[in-house]
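Note sheet for the following structure.
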Amino acid sequence: MNHSSLCGSVAIGASKHPNNGKNVFSYGTAGFRCRADILDPVLYRLGLLVVLRSKAVKATVGVMITASHNPEEDNGVKVVEPMGEMLVAEWEKYATSIANVPDEDLGRYIESLISDLEIDITLPANVFLARDTRPSSVALAQALMDGIQTLKGDYIDYGLLSTPQLHYMVRCHNTKGDYGKATEQGYYSKLSSAFTQVRQQCNSGQSCYAREISVDGANGVGALKMQQLCQHLNNQLKISIHNDGTHGKLNDRCGADFVKVEQQPPYGMPTKEAGGKCISLDGDADRIVYYFIDNDGVFHLLDGDKIATLIAGYIQELVTASGLQLNMGLVQTAYANGSSTAYASNVLKVPVACACTGVKHLHRKALEFDVGVYFEANGHGTALFSTEAADKISKASQDESLPEDKRHAAVTLKDLRDLINETVGDAISDMLVVECILYAKGWGMSDWNAAYKDLPNRQLKVKVKDRRAIQTTDSERCATSPSGLQDAINNLVGNYQKARSFVRPSGTEDIVRVYAEADTQNAADSLAYEVAAKVHQLADGIGDPPVKPSST
């Protein structure tokens, strides 16, 4: 495609998806995410960009249209790298630039990228795309396809998929099937087969484990995919699905984010008997949280921290039992409950590392270990195995000279790795992993919950004039500006027992997020509101300063 034809084709496409210049878009950890009604030009332009990305890496890339746990009227889009990772940081800035460049300059911007990045435009480009169940996703997918076709790229439209399924398929295709078959049925077959294999390695015996699970599908794509998974599990789990999209709106008073933030069961779930096992997915099924009601009617949440320590502890047991020498670590964010960090370090003896908020940061940090487990407290996470670790595990599983117990542990570890979606956090995969571990341990929900007790905590938001006034370091645990804020936080924390607090700016809006924990809920609430008041005072807060409600 020569200069004039490229600019002409891009201009024709842009005229069908005009950017009025009234909105400023930024590609972040969640990709682009905002109101659906302003995203059309962004999707067209991203279609252009992913063609260039595919040519640059000489591989298939993916595009997922979703706004995850956001309300139904929002939407978003994110790019998937060849091995199923999120878009590399260097290209995030190109995504931001192409979304905001004026229509009349779009062709020249594309040409400059081709020249500056030395992209061979004659190479083929291939894109996998999928979408969630939002009404706006269909039209946005068409805008994306228009962009891909403008630069003569090829694509496969998978239609409705969960975000983790698309990540999985991109990796399967680029590994030529080594990671699995790049189809939806291939995804279910791999997970269900691995699930059966792991369960067969476990001798649960007499236990409190129950196979009944009530699933809150958040009225999203995860409910549809969970129904299809059930067809492959041969009744090993008894799953009932609620908030399946037939009634109610996506993420409306349901889903993993609602349950985590509100600390209560979602609407649309039937009242369960004491101890009944419940889970909530988010809108695109990459987050999961567990919860139950105890005999006294008290709600208990088992969030990403609980899931992470369960998985990390079990993998550590298998690694030790197999005799393999593997460097293992658990990666958390500053939002991880302090009790989970202490439990992992002191009881499980698993080293803990901290990363900035956002799964791309945790994923990158987890790659530093032979086996790295990472989770955000919101329930988004997975485990990663280095190539060397995978090879050691595979060889040990086939080494008949090993003592039976060591080989058995290696076989279980190999099957467990097949059950884990290493490309990205995956609610369905994570559920199956958790169920295998609970089955192996013979644990009911109360047994799992008793592993450690969360410190009470509180999260607040403070509206500010400019979120950039807040700068942080030490994986967001320490504020470097405005001047005096961190000293004020330290002084306030010193007034409480087992306390800590930190603040961080939102990545998308002018608010500052405040987190606090302490030995009692009242103390955590008080600390959070005191820190929020300091943020309001020192960072140009908007409106009245936060005040602790008398009922809190």
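When the pairs 78/548; 461/498; 152/225 are compared against a 28 Å limit on Cα-Cα distance, 78/548; 152/225 fall above it. In region 102-238, the convex hull through the Cα atoms has an average projected area of 12.1 nm², a quarter of its surface area. Assuming 1.567 mPa s and 4 °C, estimate D for region 425-498 with Stokes-Einstein, Rh taken as the Kirkwood radius over Cα pairs, in µm²/s. Answer from the Stokes-Einstein relation: 78 µm²/s. Across the chain, the mean sequence separation of Cα contacts (distance under 8 Å, 6 or more residues apart), normalised by length, yields a relative contact order of 11 percent. Normalised by residue count, region 353-413 yields a Cα convex hull volume of 89 Å³ per residue. Quotient of the Cα radius of gyration of region 466-508 and 2.2 N^0.38 Å, N being its number of residues: 1.19. Take every Cα pair under 8 Å whose residues are at least 6 apart in sequence, average their separation, divide by the length of region 1-128, and the relative contact order is 36 percent.
The value for region 17-57 of Rg(Cα) / (2.2 N^0.38 Å) is 1.25. Element breakdown for region 302-395 at a 1.4 angstrom probe: carbon and sulfur atoms account for 52% of the accessible area.
Under the definition of Cα pairs under 8 Å and six or more residues apart, what whole-number percent is the relative contact order of region 251-308? Value for region 251-308: 30 percent. Treating each Cα of region 160-250 as one equal point scatterer and applying the Debye formula with no solvent, the log10 of I(q)/I(0) at q = 0.12, 0.13, 0.14, 0.17 Å⁻¹ comes out as -0.47, -0.54, -0.62, -0.85. Restricting the trypsin sites (Lys or Arg not before Pro) of region 436-507 to loop positions (DSSP other than H, G, I, E, B) with no more than 11 neighbouring Cβ atoms within 10 Å leaves 453, 465.
Note on region 312-448: Cα convex hull, mean projected area over all directions, 8.0 nm². Per residue, the Cα convex hull of region 237-365 amounts to 147 Å³. Summed over the residues of the chain and divided among them, the accessible surface reaches 41 Å² per residue at a probe radius of 1.4 Å. Only alpha carbons enter this Debye calculation for the chain, each as an equal point scatterer, and the log10 of I(q)/I(0) it gives at q = 0.08, 0.10, 0.11 Å⁻¹ is -0.55, -0.86, -1.04. Restricting the trypsin sites (Lys or Arg not before Pro) of region 69-156 to loop positions (DSSP other than H, G, I, E, B) with no more than 16 neighbouring Cβ atoms within 10 Å leaves 152.
What the phi angles of region 91-100 give under the Karplus curve with 6.51, -1.76 and 1.60, with θ = phi - 60°, is a coupling list of 7, 4, 5, 5, 4, 5, 5, 5, 6, 10 Hz, glycine and proline written as x. Here the chain carries DSSP beta bridges of which approximately 60% are antiparallel, counting only pairs with both residues inside.
Here region 286-360 has an Rg and Dmax of 14.1, 45 Å, counting Cα atoms alone. Expressed in Å, the radius of gyration and Dmax of the Cα atoms of region 67-153 are 14.4, 41. Of the GluC sites (Glu not before Pro) found in region 83-142, those in coil by DSSP whose Cβ has at most 14 other Cβ atoms within 10 Å are 118.
With R₀ fixed at 56 Å, the C-beta to C-beta distance from residue 510 to residue 203 puts the FRET efficiency at about 0.50. Across region 57-107, the fraction of Cα-Cα pairs farther apart than 18 Å, rounded to a whole number, is 46%.
A simple spin-label model places pseudo-atoms 7 Å from Cα toward Cβ; at residue 487 and residue 104 they are separated by 5.3 nm. From helices alone, the chain scores -12500 deg cm²/dmol at 222 nm; the rule is -39500 (n - 2.57) for each run of n ≥ 4 DSSP H residues, then divide by the residue total.
When the Cα centres of region 431-458 and region 288-336 are compared, how far apart do they sit, in Å? Their Cα centres are 7 Å away from one another. Annotation: aspartates and glutamates with alpha-carbon distance below 14 angstrom to residue 534 (same-chain offsets under eight excluded): 487, 544.
The values are calculated or read from the model by the stated rules, or taken from the named source; none is laboratory data. Predicted model only: the values in this text are computed from it and were never measured. Positions of Cβ are backbone-derived with ideal geometry, glycine not excepted, and every protein chain shown enters the neighbour counts. Accessible surface is based on the protein model in full, side chains and every heavy atom, while ligands, DNA and RNA are left aside. Shrake-Rupley method; radii C 1.70, N 1.55, O 1.52, S 1.80 Å.
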